[in-house]
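The values are calculated or read from the model by the stated rules, or taken from the named source; none is laboratory data. Just so it is clear, the structure is predicted and the values come from calculations on it, not from any experiment. Here the Cβ is made from the backbone with ideal geometry for all residues, glycine too, and neighbour counts use every protein chain on show. These accessible areas exclude ligands, DNA and RNA; they are computed on the full protein's heavy atoms, side chains included. Shrake-Rupley method; radii C 1.70, N 1.55, O 1.52, S 1.80 Å.
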Amino acid sequence: MRYLHRGLWFLASLALLVGLIWVWQLLADARILPRAFFPGPDRTWRALSRGFASGTLVADTLTTLRRLALGWALASLLGVGLGALVGTSKWAQAWIAPIFEVLRPLPASAIAPVLLLFLGLTDSMILTLIAFGALWPMLLTTVHGFSNIHPRRKEVARSLGMGRGAFIAKIALPGALPDIMGGLRLGLTVALILVVVGEMITVQGGLGARILLAARAFNAAEIFAGVALLGVIGLVTNALLGLVETRALRWQRR
């Protein structure tokens, strides 16, 4: 019954998507806006086909995926590692956590000019920008997850003579895992946004640079094609991480 319910929701979502594409095509054909600025799905699809056939769109997509994966992985390691240390230490929560609250509201785009000064128009600048922006959802949710471990679990760990490392690995980490996975998914969304921003700033390849160059050339079909492909990347990566989350938290449903 559960699988039937999911199947119906999937079909409903697919029907809605098809309907939206159909409405988009109708609006484009009606020429309410000039087709030079508002191409329909047909012209967008042709732009995608040309890009994949020439290989340039494949190269740009792989470049964006590589930067996305590296930046998100770096933010994940820093966020989860530092969050675990702070979340399990009263001293760190009192002295270090307030620093996070000062830095967290700082927009990642605001530090982009500073990164340009030190790192230039390089991959390192893009990766640092992604890591800085995607770090905070992961870090703060990890701190929340570890700091809210039930006191009785801590008492059990002390009675068993567990050290801090054993407590984190065997008791705190499984309890904080739902918060951590939620932070990873939020961080992935932020990382996708920032990889596009970084590529638009540096114009060093990738889908962000491709969209920017298409905008400068007033090539609306290429712009819509790039945006559509970014949407697909976001959908697929979020779905894959959702599968990992479901598998990692399957013990909660037993």
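Our Cα-only numbers for the range 56-145 put the radius of gyration and Dmax at 15.0, 52 Å. May I ask you to list the residues of the range 182-221 whose amide nitrogen lies under 18 Å from a point 7 Å from Cα along the Cα→beta-carbon direction of Ala59? Counting backbone N atoms under 18 Å from the label point, the list is 199-200, 202-214.
Summing +1 for each Lys or Arg and -1 for each Asp or Glu among the other residues whose beta-carbon sits under 10 angstrom from that of Thr64 gives +1.
Checking every one of the chymotrypsin sites (Phe, Trp or Tyr not before Pro) in the range 1-61 against DSSP loop status and a limit of 14 other Cβ atoms within 10 Å picks out Phe37. Seen from Glu199, the other residues with C-beta closer than 15 Å to its C-beta sum to a net charge of +1, counting Lys and Arg as +1 and Asp and Glu as -1.
Subtracting the Cα-Cα distance of Met162 and Leu121 from their residue separation scaled by 0.36 nm leaves 10.0 nm. At what distance in nm do the modelled label points of Arg104 and His144 sit from each other, each positioned 7 Å from its Cα along Cα→Cβ? According to this spin-label approximation, the distance is 0.8 nm. Residues considered: Gly133, Gly187, Gly51. Largest GNM mean-square fluctuation over the chain, using C-alpha springs under 10 Å, is found at Gly51.
Based on protein heavy atoms only, the chain ends up with 58 Å² per residue of surface accessible to a 1.4 Å probe.
Select one label from [x] -0.31, -1.46; [y] -0.44, -1.25; [z] -0.32, -1.25: the one whose number is log10 I(q)/I(0) by the Debye sum over Cα atoms at q = 0.08, 0.17 Å⁻¹ as derived from the coordinates shown. So the structure-derived entry is [y]. Within the accessible surface of the chain, defined with a 1.4 Å probe on protein heavy atoms only, the carbon and sulfur portion equals 72 percent.
With K and R counted +1 and D and E -1, the other residues having a Cβ less than 14 Å from that of Arg43 yield a net charge of +1.
For an R0 of 45 angstrom, estimate the FRET efficiency from the Cβ-Cβ distance between Arg153 and Leu14 and round to the nearest 0.05. So the FRET efficiency works out to roughly 0.55.
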